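Computed from the coordinates by the stated procedures, all read-outs in this text should not be read as laboratory data. All values reported here derive from a predicted model rather than from experimental measurement. Cβ: placed from backbone, ideal geometry, glycine included. Neighbour counts: every protein chain shown.
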Amino acid sequence: MENYLNKLYEERRSIYHLGNHSRLTEQQITEIITLALKFCPSAFNSQSARVVILYGSYYQKLWDIVLTELDKIVPDNKIQQTKEKINTFKTGIGTILFFEDQNTIENLQQQFPLYAENFPLWSLQSNGMLQYMIWLALKEKQLGASLQHYNPLIDHEVKLAFDLPEHWKLLAQMPFGSIEQPADEKSFLPMEERLKVFG
């Protein structure tokens, strides 16, 4: 088990060349994501994370929104390169949207004023754990993913398109699919620069 988990750590990478080939059904993928959402730890068991899974035309619609919004701000000489990048996210199986419910966080701040300034930070930490849990779970099923951040540029249009509550704050987008091309080699800083052990 230990070696298997280590292998997953090593193999989980940002995959940009996605396909829509998988032995899993959309329902099975949804169940994997749901399990991670249910059991992800959160401060005060707040469970403030919210997740939206987009498949099919909904998945395509998201990246059309991203392109439309980017087209408004990206210089003409860069837009073609931008379109090519966004189109790589449209070739997979789906996209996961990660949100934090701001109402939940504000309620905790009111209930526990001593920790008020920490709740937004703790919610981000919890959401980061959720993103990693899902990413690792997808990798375990031989699905690739990457984490994208086109928020807040797309926030308003995404909430309109999918009828989402205004108090949900968009944090990240995770397109996923079959791995059509492996990730490039990854370099690492010397561990002695990053880790100190006392004892």
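Here is how the numbers come out for the structure above:
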| read-out | value |
| --- | --- |
| Segment 27-137: C-alpha gyration tensor shape, a/c 1.5 cut-off, then a/b vs b/c | oblate |
| The chain - charge dipole about Cα centre, Lys and Arg +1 at Cβ, Asp and Glu -1, debye rounded to 20 | 300 |
| Farthest toward positive dipole pole in the chain [+1 Lys/Arg, -1 Asp/Glu at C-beta], among Phe188, Gln111, Ala49 | Phe188 |
| Relative contact order for segment 2-182, counting Cα pairs under 8 Å that sit 6 or more residues apart, in percent | 39 |
| The chain - mean residue ellipticity at 222 nm from DSSP helices (-39,500 (n - 2.57) per run, n ≥ 4, rounded to 500) | -15000 deg cm²/dmol |
| Long-range amide H partners of Gly94 with built H, under 5 Å | Phe176 |
| Positive-end residue, segment 61-155 charge dipole about Cα centroid, Cβ charges, pick of Leu153, Gly92, Asn127 | Gly92 |
| Of the trypsin sites (Lys or Arg not before Pro) in segment 1-89, those whose Cβ has at most 15 other Cβ within 10 Å and which sit in DSSP loop | Arg23, Lys72 |
| Residue-count net charge about Leu67 - beta-carbon cut-off 15 Å; Lys, Arg +1, Asp, Glu -1 | 0 |
